[in-house]
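Remarks on the structure that follows.
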Amino acid sequence: MAETMQFDLVSPERSLMSAQVKSVQIPGADGDMTAMPNHAPLITTLRPGILTVETEKGTEEFVVTGGFAELGEGLSVLAERALPKGDVDQATYEAMVDEAQSTYNQTKETFKNEPGPVDDAAKLLSDMVAVGTHIGLSPKQPSL
């Protein structure tokens with residue numbers, strides 16, 4: 001049996017997965033990374049993307065919209081929102097993009113002369129749009 005680590009994925013609504021895993025590909029805010037057993041401890045923020053979990057039985061994928069990942073002896077992912085990839089249809093995806101668009105619009109209105117927060121909101125919106133392409137849905141074009 002290959003070396004594994006404990007992995008837990010939770011969102012505010014529910015626990016989505018708790019299992020021994022070989023690796024987890026994380027869409028980190030500062031870049032994608034792969035967590036494996038005996039990885040150096042760290043905490044990172046998540047960007048919208050696909051979280052890919054490799055277990056002894058195969059691979060599972062989840063769409064996450066943000067959150068945190070804490071890696072120590074195991075890996076805990078606390079997602080703002082997380083859904084199994086198979087549960088994300090075109091309507092669900094478009095609702096997620098609409099939510100990101102609304103957040104971008106509010107940020108743009110609130111921080112009129114501060115490009116940092118507006119740029120961050122635009123990046124999150126772009127990442128959410130890209131998720132559609134990654135999971136085989138028609139990407140929804142945002143209005144920036």
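The values are calculated or read from the model by the stated rules, or taken from the named source; none is laboratory data. All figures in this text were calculated on a predicted structure; none of them were measured in a lab. Here the Cβ positions follow ideal geometry from the backbone for every residue, glycine too, while neighbour counts run over all protein chains shown.
At-a-glance table
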{"quantity": "Subset of segment 1-52 (residues that are in contact (Cβ under 8 Å) with a residue 40 or more places away in the chain and in contact with a Phe, Trp or Tyr (Cβ under 8 Å, 6 or more places away or on another chain))", "calculated": "9, 16, 17, 21, 24, 50, 51"}
{"quantity": "Breaking point among (1) within 18 Å of the chain's Cα centre (by Cα); (2) buried (at least 17 other Cβ atoms within 10 Å of the Cβ); (3) not aromatic (Phe, Trp, Tyr), for residue 118", "calculated": "(1)"}
{"quantity": "Residue in segment 57-66 that is surrounded by fewer than 20 Cβ atoms within 10 Å (Cβ to Cβ), closer than 26 Å to residue 139 by Cα, in contact with a Lys or Arg (Cβ under 6 Å, 6 or more places away or on another chain) and of a type in the set (D, E, K, R) present", "calculated": "yes"}
{"quantity": "Boolean, residue 129 is at pLDDT below 95, among the hydrophobic types (A, V, I, L, M, F, W, C) and more than 20 Å from residue 46 (Cβ to Cβ)", "calculated": "no"}
{"quantity": "The lone exception for residue 104 - which of (1) surrounded by fewer than 17 Cβ atoms within 10 Å (Cβ to Cβ); (2) assigned to a helix (DSSP H, G or I) it fails", "calculated": "(1)"}
{"quantity": "Every pair of residues 6+ apart whose Cβ atoms lie under 7 Å, when the first sits in segment 62-87 and is assigned to a helix (DSSP H, G or I) while the second is modelled with pLDDT under 95", "calculated": "85/135"}
{"quantity": "Selected residue (criterion: surrounded by the most Cβ atoms within 10 Å (Cβ to Cβ)) from residues of segment 1-22 that are of a type in the set (A, V, I, L, M) and under 15 Å from residue 65 (Cβ atoms)", "calculated": "9"}
